[in-house]
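This report refers to the structure that appears directly beneath it.
The values are calculated or read from the model by the stated rules, or taken from the named source; none is laboratory data. Since this is a predicted model, take the numbers as computed values, not measurements. Cβ coordinates were reconstructed from backbone atoms using ideal geometry, including for glycine residues, and neighbour counts include every protein chain displayed.
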Amino acid sequence: MVETDKLLTKPDVAAEAVVIRRATSDPREFKPLYNAYYKQIFRFIYKRIGDKELTADLTQQVFLSALTNLGKYQFRGAPFASWLYRIASTLCMDHFRKSKRVRYVVIEEASLNNLVDELTSNQTVDEWHARLPHILEQLTAQELQLIELRFFDLLSFKEVAEILEITESNAKVRTYRILDKMKKLFM
């Protein structure tokens, strides 16, 4: 099993399923999953938390929770990483709720461009770049989470749906409604 940031092919998913089955009976077999997804989950959490030590702690909690609850994992057509993202997302939300910290969002230029490309119509890219941080502040936590997953983490609608525990079509509908809301907020 290799470290990946890409969508897995059907053979990759099948191989991953074998590793998951083995890890369910023998926790030592979880190591390939840990090695394959650690950096990916670390980056996911760091973009939300912005503190390396806390991110490392939360990342370890994600994998401990995944290992502990591996018997409950059900394959639903999305890679195992989607389940890890869901756990990570929940831990981040719990952290913000408990600590009452302001939510931290790291937006890389390439990710910002993905979102701006989707939003740009009559406005220029520069206008969107200038106003986007203010517009993102006006989104609810759930709306921001969906935008982050889709445009900043570059996840497929299928993966977003798995993480948010909604249908793929619902993920699409919500995304386009949020984009419409953002366009209206721009006005």
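Listed here are the helices (runs of 4 or more DSSP H) enclosed by the range 136-187 that have at least 2 residues being among the acidic types (Asp, Glu): 157-164, 168-186.
Yes or no: Tyr46 aromatic (Phe, Trp, Tyr), more than 25 Å from Arg21 (Cα to Cα), in contact with a helix residue (DSSP H, G or I) (Cβ under 6 Å, 6 or more places away or on another chain) and surrounded by 15 or more Cβ atoms within 10 Å (Cβ to Cβ)? Judged against the criteria, Tyr46 is a match. Just one of the listed residues (Leu164, Leu139) is more than 20 Å from Gln40 (Cα to Cα) and modelled with pLDDT of 85 or more, and it is Leu139.
Count of the range 63-78 residues, restricted to those that are surrounded by 16 or more Cβ atoms within 10 Å (Cβ to Cβ) and either among the charged types (D, E, K, R) or at pLDDT below 80 (or both), is 1.
Does Val116 meet the test of being within 26 Å of Val19 (Cα to Cα) and either at pLDDT 80 or above or not assigned by TED's automatic domain parsing to the domain that holds Leu64 (or both)? In short, no. Could you please let me know if Glu143 is within 25 Å of Arg97 (Cβ to Cβ) and surrounded by fewer than 21 Cβ atoms within 10 Å (Cβ to Cβ)? Yes; evaluated as a whole, the condition is true for this residue. Pairs linking a residue in the range 64-86 that is under 17 Å from Ala23 (Cα atoms) to a residue that is of a type outside the set (Val, Ile, Thr) and exposed (fewer than 11 other Cβ atoms within 10 Å of the Cβ), with Cβ atoms under 7 Å and 6 or more positions apart or on different chains, do not occur. In the range 24-35, the residue that is surrounded by the most Cβ atoms within 10 Å (Cβ to Cβ) out of those that are in contact (Cβ under 8 Å) with a residue 40 or more places away in the chain and over 15 Å from Ile87 (Cβ atoms) is Thr24.
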